[in-house]
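The block underneath contains the structure these notes are about, expressed in structure tokens.
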Amino acid sequence: MPAPAASVRLGGWLGRRMAELVKHSVLAQDRERLVRPFRAKDEVGNNDWRCEYWGKWATGAALACADAPTPEHLVFLRQTARELIATQDADGYIGTRRVEHHLQGWDVWGRKYVLLGLLGIYDVTGDPDILDAACRHADSLLSECGPGKTNIAAIGYPAWKGLPPSSVLEPMALLYMRTGAQKYLDFARYIVGQWSRPNHWSPDGLRLVEEALAGKPAAQIGGAPKAYEMMSCYEGLCELYRVDGEPRYLDAAIKLAQSVFDDELTMIGSGSNHELWCGARNRQCGGEPLGLETCVTATWMKFCFQLLRLTGDPRYADALEISLYNALLGALAPGGQWWGYLSGLEGDRVPSHAQHADAGVSCCVLSGPRALLLTPRWAVMSGAAGPVVNLYHRGAARCVLPSGGHVDIIQTTDYPASGLVTLRVNPERNEEFTLSLRLPAWSAQNSLMVNGSVMPDELCPGTYASIRRRWAAGDTIALKLDLRGRLAFDPAGGGRHVAVARGPIVLALDNRLCPVDAASALEPECGADGILALTPNLAAAEQHGLWLAFDAPFVDRNGNRRRLTLGDFASAGNLWSEQSLYRVWLPQPLDLAAVWQAGSPRWWQKFRQTRPEMPAAAAR
């Protein structure tokens, strides 16, 4: 089970980044600009998606306020919902189109986000008027789509063949859970049924369940490789599984995730090329830079959260941590107010353009918070036998025990700067339960002590260490994880590129740390097991505003040793300008002059004429 709202407190660097985001972006958003399109109702055709912005922002705002449920925040959320509900038509529709343009383009996709936003606010406030407005809004869609009406899997933006409108499955299942109204469950089942039926866009149907179960690569499922929208449909399938318990639904979601692991994920925990599945895993070292969309990163993390809740498999927690510390936070600008739209594994960081000038935002600027602010929900969770710690961080969590009592778990650590994590366990009363600690798959050597005594059980990477005992206030756990440097090789083979990781953190070259006049023809100096001896470089980190920096051992063709300073991926390139270049995959042998001479591959700028400017408040 996810952690209840406000039960987990994150400190340290991660906590500061989240606080910046909430203060400078989520709670500072100009709500009027997001609501105005719902009053104007002037969207037409296929290429307008302002309808998604309010709901995306509102789900992030609900997460932020749930973790700080002050009276002021509750008033803020209610007012936010009322501003939107004031635009609701007599038939219940809340959207950006007049009746004659309903169901076109991104209309149903936007309706989905309105539902998610209203439900997110309702879950925090408990305001029945908000739930009533959500129901009336859902009813307006049921009046237009369904058996004997328009086929929801055959409308919307033509190129994506029904994926965006089909993703309304998620809030329909959630609405059923909150109301018990059979019509919403029936509609959710109808959507999944339509995936198996032919339509004018898909002669064989979308077949999202069948093709995933058959092991088809994500890029080939449904005939439309739109990564973000596809995963959104499987998020809905996970929610429907919670209601129906149909094993095929969960199995299909797991199979899709496996395809993403096998074919799409890059070193930094995200995939896609300009929003599309593309086999990115084996293309990440090539000459064609990949543009990893922040919406894809955020949705992949939300999808992993679903699967972690449903399966308890720690591989999804591993994936969440890697995506969090690399792809997601690498796309968040200093100050927390803005995000990158497309990120790469090399080049410079480019702020997202505002896709609609009147709204002043983009899809990715509003998607990023929905993933980052979800972190407390999976950091510490509850299992059938007791608490489950998935994320090591400075802070505290209050967990509900199987007995109904509570336990406070206080973590003292600077992980992932170091691998030592101390947890103090304080139950309300002495009692027996199991405390499970994630042992990441990358952590080859682990040690664990309880109250100073070494735990004799084998600590297997990629599993949970489950400690069952009678716990008393003040009991202490000391966990040591393996943060030795690791060398990664080009997944496509050939050995022409290597990358360096340390725990969940991917390290990167930064041209400020490794000047062009450095020695060339360098190769990493490591053992046969690919382990590198990394040394913290606190001075370099402080000088360039990096979170973490390490000196890595390299050797030139003459056998001379050289140490190169590498920074954590999320901080590398943190000037967000052409003066701050970074690179994850290192050609072998490494010629620094040639690397930097190649410059920044900001290939995605061909989609717009000028480099967008980051809002002034978001820049340092």
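The values are calculated or read from the model by the stated rules, or taken from the named source; none is laboratory data. In this text, all values refer to a predicted model and were calculated from it rather than measured experimentally. A quick note on method: Cβ atoms are made from the backbone with ideal geometry, for glycine too, and the neighbour counts reach across all protein chains shown.
Summed over the range 405-429, the residues that are out of contact with any strand residue (DSSP E or B) (no Cβ under 6 Å at 6 or more places or on another chain) and not charged (D, E, K, R) give a count of 3.
Within the range 559-574, can one find any residue that is assigned to a loop (DSSP other than H, G, I, E, B), outside the structural domain of residue 442 (by TED's automatic domain parsing) and in contact with a helix residue (DSSP H, G or I) (Cβ under 6 Å, 6 or more places away or on another chain)?
Looking through the range 559-574, at least one residue is assigned to a loop (DSSP other than H, G, I, E, B), outside the structural domain of residue 442 (by TED's automatic domain parsing) and in contact with a helix residue (DSSP H, G or I) (Cβ under 6 Å, 6 or more places away or on another chain).
A single member of 114, 108, 124 is more than 29 Å from residue 276 (Cβ to Cβ), hydrophobic (A, V, I, L, M, F, W, C) and not in a loop (DSSP other than H, G, I, E, B), and it is 124. Only one entry in 78, 9, 36, 17 is in contact (Cβ under 8 Å) with a residue 12 or more places away in the chain, among the charged types (D, E, K, R) and under 21 Å from residue 335 (Cβ atoms), namely 17. Is the range 529-550 home to any residue that is in the same structural domain as residue 425 (by TED's automatic domain parsing), charged (D, E, K, R) and loosely packed, with under 14 Cβ neighbours inside 10 Å? Looking for residues that are in the same structural domain as residue 425 (by TED's automatic domain parsing), charged (D, E, K, R) and loosely packed, with under 14 Cβ neighbours inside 10 Å, one finds none in the range 529-550, hence no. All of 19, 58, 28 fail the test of being outside any helix (DSSP H, G or I) and under 24 Å from residue 372 (Cβ atoms), apart from 28. Could you tell me whether the range 451-473 includes any residue that is among the aliphatic types (A, V, I, L, M) and within 24 Å of the chain's Cα centre (by Cα)? Looking through the range 451-473, none of the residues is among the aliphatic types (A, V, I, L, M) and within 24 Å of the chain's Cα centre (by Cα). Taken over the range 316-350, the residue count meeting the criterion of being aliphatic (A, V, I, L, M), in contact with a strand residue (DSSP E or B) (Cβ under 7 Å, 6 or more places away or on another chain), within 23 Å of residue 498 (Cα to Cα) and in a helix (DSSP H, G or I) is 1.
Taking the stated definitions as given, is residue 78 crowded, with 24+ Cβ neighbours inside 10 Å, among the charged types (D, E, K, R) and farther than 17 Å from residue 362 by Cα? For residue 78, the condition - crowded, with 24+ Cβ neighbours inside 10 Å, among the charged types (D, E, K, R) and farther than 17 Å from residue 362 by Cα - is not met. Looking across the range 423-461, just one residue is surrounded by fewer than 17 Cβ atoms within 10 Å (Cβ to Cβ) and in contact (Cβ under 8 Å) with a residue 60 or more places away in the chain, and that is 441.
The lone criterion from (1) assigned to a helix (DSSP H, G or I); (2) buried (at least 24 other Cβ atoms within 10 Å of the Cβ); (3) small (Gly, Ala, Ser); (4) out of contact with any Lys or Arg (no Cβ under 6 Å at 6 or more places or on another chain) left unmet by residue 270 is number (1). Scoring residue 383 on the criteria (1) out of contact with any Gly (no Cβ under 7 Å at 6 or more places or on another chain); (2) over 20 Å from residue 14 (Cα atoms) leaves a single failure, condition (1).
In the set (1) surrounded by 18 or more Cβ atoms within 10 Å (Cβ to Cβ); (2) within 25 Å of residue 156 (Cα to Cα), the condition left unmet by residue 255 is number (2). Restricted to the range 6-36, and to residues that are touching a Lys or Arg at 6+ places or on another chain (Cβ under 8 Å) and of a type in the set (Gly, Ala, Ser), which residue is nearest to residue 358 (Cα to Cα)? By that ranking, first place goes to 15.
Taken as a whole, the condition of being farther than 23 Å from residue 528 by Cβ, in a strand (DSSP E or B) and outside the structural domain of residue 407 (by TED's automatic domain parsing) does not apply to residue 499. Scanning the range 160-180 for residues that are in contact with a strand residue (DSSP E or B) (Cβ under 8 Å, 6 or more places away or on another chain) and assigned to a helix (DSSP H, G or I) gives 160, 163, 164, 165. Each residue in the range 372-387 was checked for being part of a loop (DSSP other than H, G, I, E, B) and either among the hydroxyl-bearing types (Ser, Thr, Tyr) or within 19 Å of residue 22 (Cα to Cα) (or both), and 2 pass.
Within the range 396-414, the set of residues being in contact with a Pro (Cβ under 9 Å, 6 or more places away or on another chain) and of a type outside the set (A, V, I, L, M) comprises 398, 399, 405, 406, 408.
Taking residue 184 as the residue in question, decide whether it is touching a residue at least 24 places away in the same chain (Cβ under 8 Å), surrounded by fewer than 21 Cβ atoms within 10 Å (Cβ to Cβ) and either in contact with a strand residue (DSSP E or B) (Cβ under 8 Å, 6 or more places away or on another chain) or assigned to a helix (DSSP H, G or I) (or both). No.
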